[in-house]
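What follows is a set of notes on a single structure, which appears directly below.
The values are calculated or read from the model by the stated rules, or taken from the named source; none is laboratory data. Worth saying up front: this structure is predicted, and the values here are computed from it rather than measured. Glycine also receives a Cβ, built like all others from the backbone with ideal geometry; neighbour counts cover every protein chain displayed.
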Amino acid sequence: MLLPGTSHWMSIARRAGRDGLTFALGFLLANYVRFHEFWRLEHYIAPISVGAVALMMSSYIMGLYSVESRGRSRFFAHGLLTTLAFTIAFLAVIVVGYVDFGTRVGRGFMFLGLCAAYPTVIFHHWLMFNKHRFAPERVAFVAETPNELEEYETLKELKPRGIEIVGRLTVKDNERADDVLGRLKHAPIIIQRHKIDRIVFADWRLTDPYARPFLRQLRYSGVTCVPFISLCEHYLQYVPLHLVTNEWLMHLESAPRDFYFSKLKRAFDILTSLGLLVALSPFLLAGILLVKFFSPEGPLFFTQERVGRFGKKFKIFKLRSMRTDAEKNGPQWSSGTKDPRVFPGGKLLRQYRIDEIPQLFNILRGDMSFVGPRPEQPAFVDALKQELSFYEERHMILPGLTGWAQVSYPYGSTTDDARCKLEYDLYYLKHAGVVFDLLILLDTVRVVLIGGMKKEAQRPRYLATPTSKTSSIPIMSPAVAQKDVAA
């Protein structure tokens, strides 16, 4: 059985694959209709394949495959973005034809291909967008104790797209309420009666001698039974911090990933950083000119101590985007493009991530990777690891130039923001891999193109329980942070 988070990415891969296949089949059908046979397919395979890949990549960058996280938006906006992605694919087909004239798709063939492919792609996206209405996953929650009921009510209020909360099961109590479906020992009958797809329970129920036998019986009967944290992984793509346990951390991955982290990922980091240093050199030069124009009195670059893998400290390189007196009162946590310490040109550098191009040298040196948790200053790490449980777990892998937290949650300057980002980082620690890293890099392209992660665009947030230790107190200087923690 696939891990919950893994099945999410497999779902995206299937959606993208159907898009590419639909695009290709539309042009193959057009070829047959136009020429009454499959004519010169070996010449047309290249532009059609490039167009299909362009459709899949542009659709992913625009977030069209993550419909569960699009909130209550209407399909009209989704359809416009789908049309834009299809247009990019259409242009890709044309460009390939101009590069190699022998593969050029003729006007009649192209028109028939568009007529066949575009409506089916739109229909496919309409089905994806409305799938949660037609066939949502029906979920029953084992909830009896006050803490379980609190989690159950929070999930009902959050209303993740793609699932329907049918009701709850009790373990020992014969409670009578509108949302109580019955007792856990009668689950097989309840599942058939209410067409339940998944049973969700609190982690501690695995150690409950009364509930565990029933859950194992259901599991071996083919019923999907998962802890609540797994449901959050699957539908929210992060793990609520108050649900994380030491046992969950020790079982982040069933197989060792040393080859990926130490060999494959490192090779990718070296080759890609060298290529990007060449490709992005014009933008780096433009950034240097902006710094010299808006803040000529200071240095072009600045270095700052950050915490890397296993707590090792290193110097990070960035284009300077702040005034020279930005930290006269000690280190402060940046709040993004609205930071008053940033000079005018620096806002542009930050908005489009130009200031981070010099970090490619950190990647070459092995201090960082392309994808991983954001490296923080030692003062903030010392404060946050006292405030947030499991904060030091994010240092088990190399920090990244980009990461799941960076593309999923906007800039923040409070301990609550740090908690939210940690929840995404812990999710990444469990599901890191080649495909996930490539998707994060595509997400980074999207964030850069829209000029930064927007508050209103972030994924649905699971609200912390009242017993959570986190707060919305801003992180300022180390002295203030330590005072805050002590309080």
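With respect to the stated conditions, Val291 fails to be within 30 Å of Lys430 (Cα to Cα), surrounded by 15 or more Cβ atoms within 10 Å (Cβ to Cβ) and outside the structural domain of Ile163 (by TED's automatic domain parsing). Can you spot a residue in segment 215-226 that is in a loop (DSSP other than H, G, I, E, B), touching a helix residue (DSSP H, G or I) at 6+ places or on another chain (Cβ under 8 Å), on the phi < 0 side of the Ramachandran plot and not small (Gly, Ala, Ser)? Scanning segment 215-226, I find at least one residue that is in a loop (DSSP other than H, G, I, E, B), touching a helix residue (DSSP H, G or I) at 6+ places or on another chain (Cβ under 8 Å), on the phi < 0 side of the Ramachandran plot and not small (Gly, Ala, Ser), so the answer is yes. The selection criterion, being more than 28 Å from the chain's Cα centre (by Cα) and loosely packed, with under 14 Cβ neighbours inside 10 Å, does not hold for Lys156.
Looking only at segment 229-250, how many residues end up being in contact (Cβ under 8 Å) with a residue 24 or more places away in the chain and surrounded by fewer than 17 Cβ atoms within 10 Å (Cβ to Cβ)? Working first, answer last.
Step one: list which residues in segment 229-250 are in contact (Cβ under 8 Å) with a residue 24 or more places away in the chain, which gives 229-245, 247-249.
Keeping just the survivors that are surrounded by fewer than 17 Cβ atoms within 10 Å (Cβ to Cβ) gives 245, 247, 249.
Matching residues across segment 229-250 total 3.
Please specify each residue of segment 83-140 satisfying the condition of being of a type in the set (D, E, K, R) and in contact (Cβ under 8 Å) with a residue 24 or more places away in the chain. Step through it out loud before you land on a result.
First, pick out the residues of segment 83-140 that are of a type in the set (D, E, K, R): 100, 104, 107, 131, 133, 137-138.
If the condition is that a residue be of a type in the set (D, E, K, R) and in contact (Cβ under 8 Å) with a residue 24 or more places away in the chain, then Asp100, Arg104, Lys131, Glu137, Arg138 are the ones that fit.
Under the condition of being more than 16 Å from the chain's Cα centre (by Cα), assigned to a helix (DSSP H, G or I), under 28 Å from Ile270 (Cα atoms) and not charged (D, E, K, R), the residues counted in segment 392-426 number 2.
Considering every residue within segment 135-156, establish whether at least one is β-branched (Val, Ile, Thr), in a helix (DSSP H, G or I) and farther than 30 Å from Arg193 by Cβ.
Taking segment 135-156 first, the residues β-branched (Val, Ile, Thr) are 139, 142, 145, 154.
So of that shortlist, the ones also in a helix (DSSP H, G or I) come out as 154.
Adding the requirement that they be farther than 30 Å from Arg193 by Cβ leaves none.
Looking through segment 135-156, none of the residues is β-branched (Val, Ile, Thr), in a helix (DSSP H, G or I) and farther than 30 Å from Arg193 by Cβ.
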